[in-house]
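Student: Could you have a look at this structure, given as structure tokens, before my questions?
The values are calculated or read from the model by the stated rules, or taken from the named source; none is laboratory data. Predicted model only: the values in this text are computed from it and were never measured. Every residue, glycine among them, receives a Cβ derived from its backbone with ideal geometry; neighbour counts consider all protein chains shown.
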Amino acid sequence: MEKLFPIFPRNGKLFSTRWKTGARRLQDPHPLAGKTGARRLQDPHPLAGKTDARRLQDPHPLAGWVNQFCPATSNAPNRIHPRHKAVGVFPRLRRGQPWKLKIECWILNVLLASLAACAPSPRAETLAGRTMGTTYSIRIADAALDRRALDSLQADVNATLAEVNRQMSTYQPDSEIARFNRAAPHAPLAISPDFQFVARRALALAEATGGAFDPTVGALVNLWGFGPDGAISRRPAPEQIEAARQTVGFRHLSLSSDGRLAKDIPGLKLDLSAIAKGYGVDRVAALLRKKDIENFLVEIGGETLAAGLNAEGVPWRVGVRRPDPDPAGGPALEGVLHLTGGRAIATSGDYQNFFRDENGQLQSHLIDPRTAAPVQHAVASVSVLAPDCLTADALATALVVLGPAEGLPLLAAAFPGVEALFILRHGGDQFEEVATPGFAAALRYAH
């Protein structure tokens, strides 16, 4: 570590100046003090110690340092008042000595700068970019990362998310999922390990939710204008909806033990958009932990996971948005959660991606596989707290489809430890909350 304080030359020798008080020097000098003439300062203490007849009583931390590094003179033998505490940091000066005031102010500035270097303010770094048709942000607290380390970390994050896209993006024609969607029935396709993991979890969650979450809704997502085929402004014809319905059903999808994915009906299209962002968050969190980063928050398109504490030493704060599709004064918060411990939160809502059809009715991207159409009941949004973001992401979609009457019993029976908040819309701008006890206890209201 570099020396923090100046060492002044006298007669070709290095020495550390200190104050005299009475006839004796202050003992216990600062540990950085060097040799003085032929004697070494022994067993230093960082603050000023005892005087001959009086002790400096609980001085300001800077008092000892000024005491050590400001030279004593016969004209000003006792510049730091021994009975003062914090006020004693400032030396008494006689009139007619402006040059001494300048020197001592300079020394005090050096000491203040050194103190700031020894006790830095909390650090927080932010990385941001684009992925999966949305944005991502990463906040890191109290990590000693220089610019080169941060640039390297961002490159690793971008590579991780690019690999998720390469395997599971329906918007990339050469992705693994796009090749699977073009494949014929009963033609197994070998897929990458990450894709295998997500597909197995998707099938398990589809089974657990009774098909409310279904990864095979790709044809319906496209038909309603929310997939790679592009947006629409009118409802599809009933015969189009029925034809697409015939291609949906997670039980027509299979994954072998050696990682080969297959379908048994023509036209089945896999769509993992309701689970891939959550998985991307989990992958980035795993990358940060691998690099021994403990305090962070990762967010992709609103799906969020937090670990440790923020730069102020408290849990991360995450807002829950009020599900208003046409907010007059901009988006408003329903409440704020304190998130830590590797917990994740994901929200699905009809205000995020929608169009209004020829009748002015809101049609959202949240497709009910049972009706083959966007959800039409009163649920405006669902936020889910879970141990990982993939689970939170998928269950948020499933619970929008199910509503609180079916969704709350499902959580209690099949997903212990998972919490949820349903926000129901009544009329145009009236909302009602229905929450599990754990979520209600964690939410701090913004209104």
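Student: Could you list, in sequence order, all residues of segment 330-350 that are hydroxyl-bearing (Ser, Thr, Tyr) and in a strand (DSSP E or B)? Even if it seems obvious, please write down each step before you answer.
Tutor: Within segment 330-350, the first condition is being hydroxyl-bearing (Ser, Thr, Tyr), and the residues that meet it are 340, 347-348.
THR347, SER348 - these are the residues of segment 330-350 that are hydroxyl-bearing (Ser, Thr, Tyr) and in a strand (DSSP E or B).
Student: Could you please give the count of residues in segment 197-220 that are crowded, with 20+ Cβ neighbours inside 10 Å and not aliphatic (A, V, I, L, M)?
Tutor: So the answer is 6.
Student: Quickly run through segment 226-262 and pick out the residues that are surrounded by 17 or more Cβ atoms within 10 Å (Cβ to Cβ) and either on the phi > 0 side of the Ramachandran plot or under 35 Å from the mean Cα position of the chain (by Cα) (or both).
Tutor: PHE226, GLY227, GLY249, PHE250, LEU253, LEU255, GLY259, LEU261, listed by residue number.
Yes/no matrix, rows are residues, columns are (1) surrounded by 21 or more Cβ atoms within 10 Å (Cβ to Cβ); (2) part of a helix (DSSP H, G or I):
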residue	(1), (2)
GLY267	no, no
ASP271	yes, no
ALA274	yes, no
ALA285	yes, yes
ILE293	no, no
LEU305	yes, no
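Student: Still on this structure, please answer the following. Looking at this structure, is LEU223 free of Cβ contacts under 8 Å to residues at least 24 places away in the same chain and either assigned by TED's automatic domain parsing to the domain that holds PRO416 or surrounded by 14 or more Cβ atoms within 10 Å (Cβ to Cβ) (or both)?
Tutor: Details: free of Cβ contacts under 8 Å to residues at least 24 places away in the same chain: yes; either assigned by TED's automatic domain parsing to the domain that holds PRO416 or surrounded by 14 or more Cβ atoms within 10 Å (Cβ to Cβ) (or both): yes.
Spelling it out, LEU223 is indeed free of Cβ contacts under 8 Å to residues at least 24 places away in the same chain and either assigned by TED's automatic domain parsing to the domain that holds PRO416 or surrounded by 14 or more Cβ atoms within 10 Å (Cβ to Cβ) (or both).
Student: Give the residue that is nearest to the chain's Cα centre (by Cα), with candidates limited to residues of segment 357-373 that are assigned to a strand (DSSP E or B) and in contact (Cβ under 8 Å) with a residue 24 or more places away in the chain. Please lay out each step first, then the result.
Tutor: At the first step, the residues of segment 357-373 found to be assigned to a strand (DSSP E or B) are 362-364, 367-368, 373.
Next, only the ones that are in contact (Cβ under 8 Å) with a residue 24 or more places away in the chain stay: 362-363, 367-368, 373.
Values: LEU362: 32, GLN363: 31, ILE367: 29, ASP368: 31, ALA373: 34 Å.
Selected residue: ILE367.
Student: Considering each of ALA412, ALA420 in turn, give the residue that is of a type in the set (Gly, Ala, Ser) and outside any helix (DSSP H, G or I).
Tutor: When all the criteria are applied, what remains is ALA420.
Student: Look at segment 215-229 and say how many of its residues are out of contact with any Lys or Arg (no Cβ under 9 Å at 6 or more places or on another chain) and either within 18 Å of ALA199 (Cα to Cα) or modelled with pLDDT of 95 or more (or both).
Tutor: Residues meeting the conditions: 1.
Student: Can you name the residue in segment 142-194 that is surrounded by fewer than 14 Cβ atoms within 10 Å (Cβ to Cβ) and of a type in the set (A, V, I, L, M, F, W, C) and, of all such residues, is farthest from THR216 (Cα to Cα)?
Tutor: The residue in question is ALA144.
Student: Are there any pairs with C-beta distances below 6 angstrom linking a residue in segment 152-166 that is within 17 Å of PHE197 (Cα to Cα) to a residue that is surrounded by 15 or more Cβ atoms within 10 Å (Cβ to Cβ) and not hydrophobic (A, V, I, L, M, F, W, C), with the two at least 6 apart or on different chains, and if so which?
Tutor: Pairs found: THR160/ARG283; LEU161/THR131; LEU161/GLY280; VAL164/GLY280; ARG166/SER175.
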